[in-house]
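Asker: Below you will find the structure I want to go over with you.
The values are calculated or read from the model by the stated rules, or taken from the named source; none is laboratory data. What you see is a predicted model; the values in this text were computed from it and never measured. In this analysis, Cβ positions are derived from the backbone assuming ideal geometry, glycine residues included, and neighbour counts consider all displayed protein chains. Side chains are part of the model used for accessible areas, which takes the heavy atoms of the whole protein and leaves out ligands, DNA and RNA. Shrake-Rupley method; radii C 1.70, N 1.55, O 1.52, S 1.80 Å.
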Amino acid sequence: MVLKLDRELLLGSATAPYQIEGGATNTDWHQWCQIPGKIKDGTSGEIACDHWNRIEEDVELLSKMGHQVYRFGIEWARVQPSAGAFDDEALERYRYEIQLLKDKGIKPLVTLHHFVNPDWLMEKGGWEAADVADRFERYVRYVVDGLKDLVDEWITINEPFVYMVNGYFYAIWPPGKNEPFTGFKVLRNMLHAHVKAYGVIHQIYEEQGQEVKVGIAHHMRIFDPHNSRSPLDKMSIRLVNRIVNDVVLEGMLHGRLLAPVGTGQPWGEGPFCDFLGLNYYSRDLIKFSFNPKNFFMKILTHPTNPKNDLGWEIYSEGLYRLLQRLGRYDLPIYITENGIADGTDNQRPEFIINHLKVVQRARDEGIPVERYYHWATMDNFEWAEGLEGRFGLVEVDYATQKRTIRSSGAMYAEICKSHEIAEEMINKYVK
Ligand code: NOJ
């Protein structure tokens with residue numbers, strides 16, 4: 001039996017600048033990595049995959065893997081190293097990379113903010129500052145203006161909720177605070193910055209008489225009750241769904257701020273996105289608890305289902321459930337990330353197949369999923385997990401910077417090229 005994937009579904013993979021490029025030492029993440037104990041294996045993104053110096057080789061790998069699309073990001077601190085100065089050479093280097101991609105027939109989707117901030121921005125209060133949306137807008141104007149002839153799809157901000165929760169609730173990412181209410185302000189500022197950037201980008205393309213698509217890459221999760229008969233668990237689920245999934249969704253769709261982040265539609269009615277970017281990884285089980293510090297809930301993992309190297313449940317049906325949910329809005333859906341930490345590569349082939357199966361199922365039901373970007377193209381710096389969270393279709397030996405396409409990467413290449421998942425493929429690659 002062969003599963004055919006629609007040709008309209010474009011396939012590729014994704015990365016983020018700090019996680020692969022190396023060299024961004026003028027950032028909050030670089031400073032964070034210098035603090036002992038913050039990164040599990042004591043590493044940093046100082047060199048990472050040295051992608052900044054290996055652009056040609058890495059574009060060649062994408063092409064070898066038959067990619068039609070590639071999502072990557074611009075490092076803010078690189079193109080705007082100080083509040084008052086932009087670095088044209090850095091932007092030129094990104095132009096060069098994009099041109100290489102286009103020469104290979106690979107369509108770029110470019111992220112403008114992926115968790116990392118310039119030092120100078122942090123000195124001015126980072127995402128807590130009242131005027132951060134204006135600062136972001138200036139940077140966005142510069143980048144988009146400089147790349148508009150090569151790029152027509154943008155992600156303004158990657159995973160605003162995750163940035164907020166890890167930086168302001170769990171304190172495991174910079175700025176390392178445990179201040180949920182400051183976190184809510186940060187999330188509000190990020191949504192505001194997105195709305196502004198959305199307007200600016202559209203204005204720039206309109207002046208050119210060109211089309212553009214702009215969105216957020218939104219991390220959404222599935223939450224199921226720990227005990228399906230417990231009304232308290234179900235109540236906690238309503239709360240967690242709102243905070244994790246709905247706040248960002250409502251903000252980018254309708255400009256609407258939901259409590260506890262805000263109220264009303266302070267910046268207009270929207271819509272403020274041209275596609276729904278979905279980053280999907282896993283599911284959590286939610287159990288009510290009397291502890292107000294954790295918003296009256298415990299977040300648990302399924303006790304027996306298979307997990308990835310980081311302990312996240314592997315649950316492809318969750319992707320289907322989220323696609324059904326997003327299918328209610330009349331917008332194209334891009335799966336801007338989906339992947340697995342799997343150093344042995346034993347689980348990744350099956351993971352890819354099962355997730356692509358549900359994507360096709362959703363399409364068969366009329367849900368407009370147009371893209372699938374596997375996370376990640378290559379192993380990279382996995383934030384607090386360090387270099388050992390291995391998400392790559394391509395394995396990276398950090399001592400030598402040697403890249404090797406994993407077996408899953410070879411399989412994915414076949415799928416990208418043929419848009420088919422054949423029985424022989426399953427026999428060959430799935431362990
Ligand atoms: C989502 C984030 O955007 C990305 O930076 C991260 O590496 C993956 N999740 C895996 O955790």
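Asker: Tell me yes or no: at least one residue of region 233-250 is open to solvent by 10 Å² or more (accessible area, probe 1.4 Å) and touching a Ser or Thr at 6+ places or on another chain (Cβ under 7 Å).
Answerer: Taking every residue of region 233-250 in turn, none turns out to be open to solvent by 10 Å² or more (accessible area, probe 1.4 Å) and touching a Ser or Thr at 6+ places or on another chain (Cβ under 7 Å).
Asker: Report, by residue number, each residue of region 332-357 that is surrounded by fewer than 19 Cβ atoms within 10 Å (Cβ to Cβ) and under 25 Å from Phe275 (Cβ atoms).
Answerer: Pro332, Asn354, Lys357, listed by residue number.
Asker: What are the pairs with Cβ atoms under 6 angstrom where one residue, in region 9-36, is under 23 Å from Lys107 (Cα atoms) and the other, located anywhere, is more than 16 Å from the ligand (Cβ to nearest atom)? Sequence gap at least six, or different chains.
Answerer: Leu10/Gln68; Leu10/Val69; Leu11/Gln68; Leu11/Cys416; Gly12/His67; Gly12/Gln68; Gly12/Val69; Glu21/Trp52
Asker: So which of Asn308, Asn291 is out of contact with any His (no Cβ under 7 Å at 6 or more places or on another chain) and within 16 Å of the ligand (Cβ to nearest atom)?
Answerer: It is Asn308.
Asker: Residue under question is Arg221, and the condition is that it be under 30 Å from Asn354 (Cα atoms), within 16 Å of the ligand (Cβ to nearest atom), of a type in the set (D, E, K, R) and modelled with pLDDT of 95 or more; does it hold?
Answerer: So Arg221 passes the test.
Asker: Quickly run through region 129-148 and pick out the residues that are open to solvent by less than 10 Å² (accessible area, probe 1.4 Å) and under 23 Å from Gln208 (Cβ atoms).
Answerer: Within region 129-148, Phe136, Tyr139, Val140, Val143, Val144, Leu147 meet the criteria.
Asker: Turning to a different aspect of this structure: Looking at Val261, Val248, Val244, which one is in contact with a Phe, Trp or Tyr (Cβ under 8 Å, 6 or more places away or on another chain), within 14 Å of Arg188 (Cα to Cα) and not in a helix (DSSP H, G or I)?
Answerer: Selected residue: Val261, the only one of Val261, Val248, Val244 that is in contact with a Phe, Trp or Tyr (Cβ under 8 Å, 6 or more places away or on another chain), within 14 Å of Arg188 (Cα to Cα) and not in a helix (DSSP H, G or I).
Asker: Return the residues of region 310-320 that are over 19 Å from the mean Cα position of the chain (by Cα) and buried (at least 17 other Cβ atoms within 10 Å of the Cβ); say none if nothing qualifies.
Answerer: Correct list: empty.
Asker: Now for a separate question. Hey, among the residues in region 22-53 that are more than 13 Å from the ligand (Cβ to nearest atom) and in contact with a His (Cβ under 8 Å, 6 or more places away or on another chain), which one's farthest from Tyr96 (Cα to Cα)?
Answerer: Ser44
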